[in-house]
Amino acid sequence: MLDTLNTLEATALDELELANTSQAIANWNWKYFGSKRSKGAVDDAMRQLGTLPGEERKAFGKRANEVKQALTAAFVAREHLVKQADLEAQMSAGSLDVTLPGKPVSRGRLHPSSQNLRRISNVFAQMGFEVYRSPDVETDEMNFGLLNIAPEHPARDMWDTFYTNTPGVILRTHTSPGQIRSMREFGHGGTKPIRMILPGMCYRYEQVTARSEMQFNQVEGIAVGKNITLADLKGAMSEFARRMFGGNGKIRFRSSYFPFTEPSVEVDVFLGLDSERNKMLTKGTGWLEISGAGMIHPTVLRNGGYDPAVWSGFAFGMGPERVAMRLHGINDIRSFWSNDLRFLEQF
Ligand code: PHE
């Protein structure tokens, strides 16, 4: 009986020796070990086990297992060999040209708005401003009330508001509520000076046009201390302009109105007209408007926990997308949030 097994083993090994393509190897495997649907020769031989008397059965079973293991091992070794040979044949036949350029993998990158915010944040961080974030979803009280804008105040018309289903909860229309939050969180009850910027998204219930989006970023800046004056605001703005845009950092204030600053200004930086880029950036005026700003209103200082008789401060609210639009010649603000790769991939 054991002869059957010995013959099976010998034949199988001989045949395996001759199989030198992947296909031949697979056929061999199928013949001896079968597939899910049909049994192979090894299984067929095993089946005889049941017909044998006790003593013989033991010896047969042992030998059958040996054969099975030997064939499996031989198969694995042979398969490896043949695959290797296949690969070498392919390579020397030149079907695999390793010098061909690969498919380009498109790289992810920061959104142009984020890149721009990081540049602005870096400049202010170098000037000693901490970077802080405050929430996009705000209370009416933070966004308006504590900023000296009473419920019926006509100045509310300056900010068209998205309301939520929860009374008193809105999407912030500017980053200025961050003034209150940073004074309260970092002013130690109105005893310590602060200097921070708060970049983030703002929302306005406005008609979307090429010039105005219903969402956009602002960078709020706030500095509170003793003896802070309008000259410090001017100094901070011109130093920012110098570091961000180069040049001499000349700026100008135009008088303006905000309920939470007094006096209030709008800030233009001087870029001049001596390059095509600057002509475009400033629409031929030499001046680029970058920010609303002013000295923090005493009421707002008080709401932040400071005594306005002792403390003073300045604040500004910058429009980074405006700056980016000018810098890159982007003429439609909707490009920023339309997620068009043709736009995004340019940065
Ligand atoms: N929050 C103002 C706006 O959105 C800008 C501003 C900020 C003005 C800080 C003065 C001080 O228009």
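The values are calculated or read from the model by the stated rules, or taken from the named source; none is laboratory data. No experiment lies behind these values; they were computed from the predicted model shown. Neighbour counts are summed over all protein chains in view; Cβ atoms, including those assigned to glycine, are modelled from backbone coordinates with ideal geometry. Accessible surface areas use protein heavy atoms only, side chains included; no ligands, DNA or RNA. Shrake-Rupley method; radii C 1.70, N 1.55, O 1.52, S 1.80 Å.
Per residue, how much accessible area does the chain have with a 1.4 Å probe, in Å²? Please report the intermediate quantities before stating the final value.
Values: 19310 Å² over 347 residues.
Solvent-accessible surface per residue comes out at 56 Å².
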Q) How would you order 268-276, 151-159 from highest to lowest mean count of nearby Cβ atoms within 10 Å? A) 268-276, 151-159
Q) Which angle from 0 to 90°, rounded to the nearest 10, does the C-alpha axis of helix 112-126 make with the longest principal axis of the chain? A) 60 degrees
Q: Starting from the exponent 0.38 and prefactor 2.2 Å, build the expected Rg for segment 2-93 from its residue count and divide its actual Cα Rg by it.
A: 1.27
Q) Among the lysines in the chain, how many pairs, 8 or more places apart or on different chains, have alpha carbons under 27 Å apart? A) 24
Q.
Ordering Lys58, Lys83 by accessible area with a probe of 1.4 Å, largest first, what comes out?
A. Lys58, Lys83
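Can you run the Rg to Rh ratio on the chain? Use alpha carbon positions and the Kirkwood inverse-distance Rh.
Working: Rg = 38.5 Å, Rh = 26.5 Å.
Checking Rg against Rh, the ratio lands at 1.45.
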**Q.** About the Cα centre, charge dipole magnitude for segment 112-344 (Lys/Arg +1, Asp/Glu -1 at Cβ), debye
**A.** 740 debye
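Given the peptides 299-309, 46-56, arrange them by the average over their residues of other C-beta atoms within 10 Å, most packed first.
On the way: 299-309: 18.6, 46-56: 10.9.
Highest-to-lowest ranking by the protection proxy: 299-309, 46-56.
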Q | Tilt relative to the chain, helix 22-33 - C-alpha long axis, 0 to 90 degrees, to 10 | A | 60 degrees
